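The values are calculated or read from the model by the stated rules, or taken from the named source; none is laboratory data. Because the structure is a prediction, the values reported are computed rather than measured. So basically every Cβ, Gly included, is an ideal-geometry build from the backbone, and we count neighbours across all protein chains shown.
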Amino acid sequence: MAAWTRLVASVGVAVLALTGCTYSTHEPGLFPSPPPRTEAPSPSRFPPQPTNPRLPVAGERVWVSGARLAVTMRIAVHAVRRIAGGTVLDWSVTPLSAEGYGSGEELPGIEMGLDLPTRGNFEPAVSLLDPERGQVYRPLLHQSRRLFNHCLCTPVWRLAQTLRIGETRLQQITFPPLPAATEFVDVSMSTSTPFSHIPVSPLGTAPVASKATDLARGAELPKPLPEHIQFRNPIQSRQVQRIQVNRVWAAPGRATLEWTLRSVTDQSSYRVLEYGPPVAAPSPPGDVFLVNTSPASGPVLLVLAAGGGQRFTASWVATERNGIAGYECLCTELGLWSSGLRDAGRSVSLVTNYPALPPRTRSVDVDLRGFGTFRKVPVTAVEDSARRLGPPQRVETGLWSFSEDDPPQGWPTAEWPTDTPDPAQLTAYRSVIEPVRALPGAH
């Protein structure tokens, strides 16, 4: 069914399997070009604080927000640290540029694209992945509905209101405790290629920087591959959009497709954009419940080989919402954050994750079933994040507690290593660890 407005349905899930692929030191990123803006700049402007040279940086991605105000930003991961009763992820956002805004200027509230479907702003679309065991660790959520089941974290909605051009804001998300034997994890964010092979720092330690970096430095945004496939809104046939492939990445246990969705003509301005094929995969038969409404699950990777080939569909996580078992795509969810697509010429970057490709796969075809195929797209090994960090060292930090009246809004880089959550509050939060499974009917 090629409908733009579709009911929540299901798509196949593939199981993450560990492969023997190698890493590259080439930095992955996301790369649509920001269009002009019409909003008036903020009057508040202060010199941005420089990046702390002692801040470790395990990996970086460059992303351009898809709302009406396009902001080019650098998203970085700094550490995964064990704490008593849990695990914390340290990450950051650094706005680099926005049309009409200068260095140090405050940005208005921006869309980060990190809201989970059906859970809104209360849980970020950020997870820890254990590709060897095929498990996904979700942020700790408060058990009280009265407190909106908020995550034990610096909320993304709070972050989006405090950003300034050229200044890095450190963030933190708390996850369930990892097994004692787990030494590395991947970090998945719904809008970017996962960060691979992040070392897990022992209790009371944090990694150190292998070299100084400037997170506010400029960023080159590579262009998508020149080939494209256009399609029309079946409800409004004069509305045209275009898909291009950026890159295909391979990592132990999974593969990732980065791709671009661009509006060739103006799109509907009176309703939320929702997608079916080719952006989202067709609804499968049966009564399987999908959490997503508009997942970027449509592309299929084809690995050709003598005597046949293999098809890889988007990976999904077996989950539940309000007591109902369902599936959530390990991919970008198109939502309000992509409202800029209503305007001709605007684009957003999308990410779709897949199970591991066969070892030594050099290229794949990217098939948009019924709409066209991109042939022989090169496959590149993802950077090994562990190579960017020095060994963990013993650190002394304070503790913080979540307050619903004044949620934490992060830290400047000068305060690294940051405080960690007070273990005394962890009993009010619940742990969620979910498997990645194949779904009957996937093809």
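Key figures
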{"read-out": "Some residue of the stretch 159-177 being in contact with a Phe, Trp or Tyr (Cβ under 6 Å, 6 or more places away or on another chain), part of a strand (DSSP E or B), over 26 Å from residue 66 (Cα atoms) and not assigned by TED's automatic domain parsing to the domain that holds residue 332", "value": "yes"}
{"read-out": "Verdict on residue 213 being out of contact with any strand residue (DSSP E or B) (no Cβ under 8 Å at 6 or more places or on another chain) and farther than 26 Å from residue 355 by Cα", "value": "yes"}
{"read-out": "So residue 138, is it basic (Lys, Arg), under 28 Å from residue 251 (Cβ atoms) and either outside the structural domain of residue 337 (by TED's automatic domain parsing) or touching a helix residue (DSSP H, G or I) at 6+ places or on another chain (Cβ under 8 Å) (or both)", "value": "yes"}
{"read-out": "Residue that is surrounded by the fewest Cβ atoms within 10 Å (Cβ to Cβ) [pool: residues in the stretch 391-403 that are assigned to a strand (DSSP E or B) and at pLDDT 95 or above]", "value": "394"}
{"read-out": "Any hit, the stretch 408-416, residues being crowded, with 19+ Cβ neighbours inside 10 Å, in contact with a Lys or Arg (Cβ under 8 Å, 6 or more places away or on another chain), modelled with pLDDT of 95 or more and in a loop (DSSP other than H, G, I, E, B)", "value": "yes"}
{"read-out": "Subset of the stretch 358-373 [in contact with a Leu (Cβ under 7 Å, 6 or more places away or on another chain) and farther than 15 Å from residue 281 by Cβ]", "value": "364, 365"}
{"read-out": "Of the criteria (1) closer than 30 Å to residue 378 by Cβ; (2) polar (S, T, N, Q); (3) surrounded by fewer than 23 Cβ atoms within 10 Å (Cβ to Cβ), which one residue 283 fails", "value": "(1)"}
{"read-out": "Scope the stretch 203-249; condition more than 21 Å from residue 345 (Cβ to Cβ), of a type in the set (Val, Ile, Thr) and within 22 Å of the chain's Cα centre (by Cα); matching residues", "value": "248"}
{"read-out": "Test: residue in the stretch 133-143 that is out of contact with any Asp or Glu (no Cβ under 8 Å at 6 or more places or on another chain), surrounded by fewer than 22 Cβ atoms within 10 Å (Cβ to Cβ) and closer than 20 Å to residue 353 by Cβ", "value": "yes"}
{"read-out": "Residue ID - surrounded by the fewest Cβ atoms within 10 Å (Cβ to Cβ), chosen from residues in the stretch 364-390 that are of a type in the set (A, V, I, L, M, F, W, C) and part of a loop (DSSP other than H, G, I, E, B)", "value": "371"}
{"read-out": "Residue in the stretch 192-202 that is within 27 Å of residue 124 (Cα to Cα), surrounded by fewer than 21 Cβ atoms within 10 Å (Cβ to Cβ), more than 22 Å from the chain's Cα centre (by Cα) and at pLDDT 95 or above present", "value": "yes"}
{"read-out": "Top-ranked residue of the stretch 233-246 - restricted to ones that are in contact with a Pro (Cβ under 8 Å, 6 or more places away or on another chain) and hydrophobic (A, V, I, L, M, F, W, C), ranked as farthest from residue 195 (Cα to Cα)", "value": "243"}
{"read-out": "Residues of the stretch 374-396 satisfying the condition of being polar (S, T, N, Q) and either closer than 30 Å to residue 282 by Cα or without any contact (Cβ under 8 Å) to a residue 24 or more places away in the chain (or both)", "value": "380"}
{"read-out": "Of all residues making up the stretch 317-363, the number that are buried (at least 24 other Cβ atoms within 10 Å of the Cβ), assigned to a loop (DSSP other than H, G, I, E, B) and of a type in the set (Ser, Thr, Tyr)", "value": "1"}
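To keep it simple, each residue is scored yes or no on (1) closer than 30 Å to residue 143 by Cα; (2) out of contact with any His (no Cβ under 6 Å at 6 or more places or on another chain); (3) at pLDDT 90 or above.
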position	(1), (2), (3)
262	no, yes, yes
265	no, yes, yes
268	no, yes, no
277	no, yes, yes
286	no, yes, no
297	no, yes, yes
304	no, yes, no
312	no, yes, yes
331	yes, yes, yes
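One line per residue, one yes/no per condition, for (1) of a type outside the set (D, E, K, R); (2) touching a Pro at 6+ places or on another chain (Cβ under 9 Å); (3) on the phi > 0 side of the Ramachandran plot:
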position: 179; (1), (2), (3): yes, no, no
position: 185; (1), (2), (3): yes, yes, no
position: 207; (1), (2), (3): yes, yes, no
position: 210; (1), (2), (3): yes, yes, no
position: 224; (1), (2), (3): yes, yes, no
position: 227; (1), (2), (3): no, no, no
position: 231; (1), (2), (3): yes, yes, no
position: 248; (1), (2), (3): yes, yes, no
position: 251; (1), (2), (3): yes, yes, no
